[in-house]
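As structure tokens, the structure follows; a few thoughts come after it.
The numbers here are math on the coordinates, done by the rules we state, and not lab data. These numbers were taken from a predicted model, which means no experiment stands behind them. FYI the Cβ positions are ideal-geometry reconstructions off the backbone, even for glycines, and counts take in every protein chain you see.
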Amino acid sequence: MLEFTSFVTYFVCFYVNYFFITPRLYDAKKLYKWVIAFILGVTCFVIVRFSLEEILLPATFGFRNYMEGTDFWFYFCDNIFYSSFPIFISTTFWFFKYSMDTEAEKTQLVEARRIAELQALKTQINPHFIFNSLNNIYSLVYQKSDKSLAAIEELSTLLRYSTKDLEKDFILPGKRNWIYRQPYCIGKAQNQKSGAAGR
């Protein structure tokens, strides 16, 4: 019978510490909260064990675990050792779960940031980059530059990224830098042509 009451005591202490005490008092920077959490865990263990073995068992089966008249303070101190095991195990399990949840939250934040960057890139390409590119190409065509066809081809590639590749969940860093660079390259070609014409 004492084995059964011990099992119930350990079981209750484990889950009370896991679901209620540790989650509410965990604070890595405040040691006093750790002390309070441990005292509460021991108190829970003592109350459950005392209720089962020193109140319920004598009333039901006529025997108890400790001698009758045992001082409660002695009873409390004596059970600190026994309560340490379920408290330690439940706290370890909780920290493992807490670490896993924290890592999952970090992964979600990184994913959200990546999606935000992708959306920002789409916004930059449409319509600002394309508008500048069209203006530069217009100048090249107007001046009958031999770079006009190359600029149009560059713009078509840029549009392909805008309408197709940007619908994907990722953009390679090299492609991302290339997209940023295209309007500049087209404009540079136009400026070089204008400079040559001026001379």
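Fraction of C-alpha pairs exceeding 20 angstrom in segment 1-119: 54 percent, rounded to a whole number. Here r is the Cβ-Cβ distance between Ile80 and Asp27 and R0 is 22 Å; the resulting FRET efficiency, rounded to 0.05, is 0.45. Each of Ser90, Ser99 was scored by other Cβ atoms within 10 Å of its Cβ. Listed from fewest to most, they are Ser99, Ser90.
Between Tyr138 and Glu117, the FRET efficiency from the beta-carbon distance, with R0 = 41 Å, is close to 0.85. Per-residue Cβ neighbour counts within 10 Å put Glu153, Glu68 in the sequence Glu68, Glu153, beginning with the fewest.
Give the order of Lys97, Lys144, Lys29 when sorted by the count of other beta carbons within 10 angstrom, beginning with the fewest.
Going from sparsest to densest Cβ surroundings: Lys29, Lys144, Lys97.
Provide the gained length on full extension for the span Glu103 to Met67, in nm with one decimal, where the gain is 0.36 nm per separating residue minus the Cα-Cα distance. Kindly include the intermediate steps, with their values, before the conclusion.
Numbers: separation 36, 0.36 × 36 = 12.96 nm, distance 5.02 nm.
Here the answer is 7.9 nm.
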